[in-house]
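Worksheet: one structure, shown below.
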Amino acid sequence: MEFIKLYNAIDVHAGGQPIRIFTGGIPHLTGNTQMKKQSEFIRHHDHIRRLLLSEPRGHNAMTGCLLTPPVTEDGAFGVWFMSNNGYEALNAHGIIGVVTAQLETGQYPFTEMLIETSIGMINASAQYIDGKVKEVSFDNVPSYVVEEAVLISHHDREVKLDIAYGGAFFAIVDISSLGELTICEEHMPELLSCGRSIMNSLAAMRAINHPLYPDMAGVHGVVFTDWSQQEDGIIRNFTVYANGLFDRSPCGAGVCALMAFMFQRGELHVNQQKTYIGIIGSSLLGRVSAETTVASYPAIVPQISGNAHIMGFMSFVVDPADPLKEGFLLR
């Protein structure tokens, strides 16, 4: 028996959303920033992303991340994220999963840490009791509203949405504008179809770029929010991405975008905390840590809290005789 590659990973989920943490078999990356390391990986090693995340080793909804040594004196470690759609600057459930895995496997000894990402430092902490991480909290990147009350057409209906940034750009849609839909499994086909339509319409209408990171462009997902289902301090949402992907968890980056939108409307205040619940019932806590600015945009620093669970320690091999060794995707 002959294998030409061996890769190791830890599989974790946070709120039902999977994350595969690459831990072995990755070539050395020479960049002196996490952005440069990520760019080198994309240019020369993207086949590893496809191999480990797509079928038959993974699936359409699988996300992944790569741990790297820190490049700064204060950094605990570096991490950046990817999916079957490509690469992500930040992934909230990934941060929660990585911190959990690092502590529970003994790879990092401290419960307070600065994590290097391709768009800056993330300050994270964990409640670690008797060998188990109970909760991870982190301050996300500054989040802000890009544009309010954008009108698009969807199936002969005019839909109003707002665009905000929470680590990626999201369109925020009040689900009541779509008729009788609610956030439930029964209505998922309609929500997925609507999410794809909205993203296609926005891509055709305008370019959206981060003022400090010009390469960060375009709407990453659509956050459907059902304001009619709100209870005291509880908000339900469902996030749809490109190519029919969707978030099982409440989507941490989408929640941060939603928090920025609510703060701008005066519905959320500094130090106020709410619970955000996704389509399968899993939850995240979101709190506004502070006000700030991003270029000329008023912004907030959102804090996200949640938990994750290790599911397995994986070893993947590549059989040179396997005709599907590079992986495939059925969407």
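Read-outs: derived from the displayed coordinates by stated rules, not from any lab. Because the structure is predicted, anything quoted here is derived from the model rather than measured. Counting neighbours? That spans all protein chains shown, and the Cβs are built from the backbone with ideal geometry, glycine included.
Quick notes
- Cα centroid separation, segment 225-252 to segment 133-197: 8 Å.
- Remark on GLN272: its backbone amide H falls under 5 Å from those of VAL288, a criterion applied only to residues 5 or more positions apart or on other chains, H modelled at 1.01 Å from N.
- Spatially, segment 254-312 and segment 75-114 are offset by 18 Å when compared through their Cα centroids.
- When restricted to Cα atoms, segment 143-305 yields an Rg and a Dmax of 14.6, 42 Å, respectively.
- log₁₀ of I(q)/I(0) at q = 0.10, 0.19 Å⁻¹ - segment 209-331, Debye sum with one point per alpha carbon: -0.44, -1.11
- Pairwise alpha-carbon distances in segment 93-209 exceed 24 Å for 49% of all pairs.
- The fraction of Cα-Cα pairs per 5 angstrom bin, counted from 0 for segment 1-122, comes to 2, 11, 22, 25, 22, 12, 5, 1, 0 percent, rounded to whole percents.
- Using θ = phi - 60° and Karplus 6.51 cos²θ - 1.76 cosθ + 1.60, couplings along segment 6-11 (whole Hz; Gly, Pro as x): 9, 10, 10, 7, 10, 9
- Computed extension length for ASN8-ASN85: 25.6 nm, one decimal, from 0.36 nm per residue of separation with the Cα-Cα distance subtracted.
- ASP319/ILE42 FRET efficiency (R0 22 Å; Cβ-Cβ; nearest 0.05): 0.30
- Structure remark: mean-square fluctuation, Gaussian network model of the chain, C-alpha springs under 10 Å; the largest value among ALA204, ALA257, ALA126 belongs to ALA204.
- With 32 Å as the limit, the listed pairs LYS160/LYS274; LYS36/LYS325; LYS134/LYS160 have LYS134/LYS160 beyond it between alpha carbons.
- Relative compactness, the chain, computed as alpha-carbon Rg over 2.2 N^0.38 Å: 0.97
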